[in-house]
1. I'd like to check something: does region 54-61 contain any residue that is in contact with a strand residue (DSSP E or B) (Cβ under 7 Å, 6 or more places away or on another chain) and either surrounded by fewer than 20 Cβ atoms within 10 Å (Cβ to Cβ) or β-branched (Val, Ile, Thr) (or both)?
2. Could you check region 68-164 for strands (runs of 3 or more DSSP E) lying wholly inside it with 2 or more residues that are under 26 Å from residue 249 (Cα atoms)?
3. Given (1) assigned by TED's automatic domain parsing to the domain that holds residue 20; (2) of a type in the set (Gly, Ala, Ser); (3) under 28 Å from residue 262 (Cβ atoms), where does residue 214 come up short, assuming only one miss?
4. Name the residue that is nearest to the chain's Cα centre (by Cα), counting only residues in region 154-190 that are farther than 22 Å from residue 246 by Cβ and surrounded by fewer than 11 Cβ atoms within 10 Å (Cβ to Cβ).
5. Give me the residue from region 1-53 that is of a type in the set (Phe, Trp, Tyr) and out of contact with any Pro (no Cβ under 9 Å at 6 or more places or on another chain) and, out of that set, farthest from residue 87 (Cα to Cα).
6. Could you please tell me which pairs satisfy a Cβ distance under 9 Å, a separation of 6+ or placement on different chains, a first residue in region 71-84 that is in the same structural domain as residue 50 (by TED's automatic domain parsing) and more than 11 Å from residue 110 (Cβ to Cβ), and a second residue that is part of a strand (DSSP E or B) and among the β-branched types (Val, Ile, Thr)?
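The values are calculated or read from the model by the stated rules, or taken from the named source; none is laboratory data. What you see is a predicted model, and the numbers here were worked out from it, not measured in a lab. All Cβ positions, glycine included, derive from the backbone under ideal geometry; neighbour counts span all protein chains shown.
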Amino acid sequence: MNTLKSYAKVNLGLWVIGKRPDGYHDIVSYVHKVSLYDTITIKPYIKLRVRTSNPFIPENEGNIVYKAVRAFEDFTGLNADFDIFIQKRIPVGGGLGGGSSNAAVVLKYINEYFDNPISEKDLLKLASYVGADVPLFFKNGLVKISGKGEIIEETNEKYSEELIIIYPNIQVETASIYKKVSFDMLTNPNDLNIINSLLRDVKSLISASENTLGNIAKEEFPVIKEVENTLKILGYEPFITGSGSSVCALGTVDKNLENICKLKNWQLHKVRFL
């Protein structure tokens, strides 16, 4: 049996720049992995079985990890029969990419288990088929994603700062937020040129960034705005990751914030960039 760590991500800015005929949207985002992780145990088994510690997450066919393994089998013709158990720590529906990270980690593991029948380039294509966010978890440091999320550019920047993640215990369905993106919310890609000059300093990047999906989410779910305002009052500079519901901020935990999170029943995670 092998035990794997599957890390979460945060978006440091997310702009929707266009709508595609296939129903997806063209985006630009800067993404970095953080130290919050799920634990995956995997071992050979008589069939493919995928289970999790969260009773609300689908198992087997309904799970993105199951889909990833089946896609690997279809591509290679191999039988990838494993018993996979995911101990969830990354909040579900919080914009932290837990499921996509799980799929990427398992894809990478089974490819190595079978002596790499799929090249790195094709593995990224396969990952993109499994889910738009899955390919980014094959990379480290700060990455720029574009297209529907499948175009990945490494930036050579890697942050190490501490940050706070607050999950207000609500799940946000990304697809429902995308459906509310109107044409007047789209960003002109030329307006993002200045962002490239700010990548060396994460504080500057966060200050200059926006999140189209996050702006919609906090109108749909007032608790997200409440978390954001709480952080502002306490002197933090908050930003929403993905389509929410998690709100993040650089820095360490203030005792007042800790007390508020306990009172409000918000999950508080103290992490750092990886």
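1. Going through region 54-61, the residues in contact with a strand residue (DSSP E or B) (Cβ under 7 Å, 6 or more places away or on another chain) turn out to be 59-60.
Next cut, either surrounded by fewer than 20 Cβ atoms within 10 Å (Cβ to Cβ) or β-branched (Val, Ile, Thr) (or both) only: 59-60.
Looking through region 54-61, at least one residue is in contact with a strand residue (DSSP E or B) (Cβ under 7 Å, 6 or more places away or on another chain) and either surrounded by fewer than 20 Cβ atoms within 10 Å (Cβ to Cβ) or β-branched (Val, Ile, Thr) (or both).
2. Numbers: elements: 82-87, 143-147, 151-154.
The qualifying strands (runs of 3 or more DSSP E) are 143-147, 151-154.
3. (1)
4. In this case the residue turns out to be 156.
5. Residues of region 1-53 of a type in the set (Phe, Trp, Tyr): 7, 15, 24, 30, 37, 45.
After this cut, where a residue has to be out of contact with any Pro (no Cβ under 9 Å at 6 or more places or on another chain) as well, the list is 7, 24, 30, 37, 45.
Numbers: 7: 12, 24: 30, 30: 27, 37: 9, 45: 18 Å.
Taking the candidates together, the pick is 24.
6. 83/41; 83/42; 83/50
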